[in-house]
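The values are calculated or read from the model by the stated rules, or taken from the named source; none is laboratory data. Just so it is clear, the model here is predicted, and its values are computed rather than measured. Note: ideal-geometry Cβ built from the backbone for every residue, glycine included; neighbour counts use all protein chains shown. The area values use the complete protein model at the heavy-atom level, side chains included, leaving out ligands, DNA and RNA. Shrake-Rupley method; radii C 1.70, N 1.55, O 1.52, S 1.80 Å.
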Amino acid sequence: MKCIFCEIASSNAPSFNIYEDNEIISFLDLNPRSPGHTLVIPKAHYENFSEMTPAIFSAFFSRLQIIAMRVEKALGADGYNLICNNGRAAGQTVFHCHFHIIPRFYDDNLRFKMPILNYDNQKFKSTAELIKNTEL
Ligand code: 5GP
Ligand code: ZN
C-alpha cells in the first residue's frame, strides 16, 4: 500500500504546502485540530521517530523550529504544541514520521490531559535505573 506522506513529498498527492527543500516538506494537516495545524516530515520514508537516522536530525529540527515559529507568528498564536506520535499505541495513524505543530490560544479549550501516576521515591529511582541501564 502506498504511503500517503511519500505521495505528498513527491507531489503525487495534493497538499497545502508551507515549506519545502530537498530533505523536508511541511504542509497543513487535512484535519486541523487548531487554526494553522501543520505537519513537518522528512521527504525520505522513516516509519517513525525511532527509525530516523541521525544524519537527518540537524536539517529536520532546524527546519521544524523555523516553521513552528512562523506558524505561531502567522496565526497570532499564544504558543504551540509539538507532537510526534510513535506507534499505534501512541496514536500514530500515518506511518511516515511526522511532527505536528498545533498552534495554541489561551481560550482554545483544547486539552491533552493525562492522569498523573502516583510515584514514590523508590519508584522514581527504579524507573530511572531501568531506563539508564537499557541498551539499544
Ligand atoms: P498521527 O495520528 O499519525 O500522528 O497523525 C496523522 C495526521 O495526518 C492526522 O492529523 C491526519 O489528519 C493527517 N493526515 C492523514 N492523511 C492526510 C493527508 O492525506 N493529507 C494531509 N495533509 N494530512 C493527512
Ligand atoms: Zn512514506
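Couple of notes before you dig in:
- For the stretch 1-96: rounded, prolate or oblate by the Cα gyration tensor [a/c cutoff 1.5]: rounded
- Solvent accessible area, Å² - E129, 1.4 Å probe, full protein context: 70
- Cysteines in the chain that lack a partner Cβ within the 4.7 Å cut-off: C84, C97.
- Note on the stretch 4-132: with charges restricted to the Cβ of Lys and Arg (+1) and Asp and Glu (-1), its dipole about the Cα centre is near 360 debye.
- For the set S10, S58, solvent exposure ranked by accessible area (probe 1.4 Å, protein chains only) runs largest to smallest as S58, S10.
- Relative contact order of the chain, defined on C-alpha pairs under 8 angstrom at six or more residues apart (%): 24
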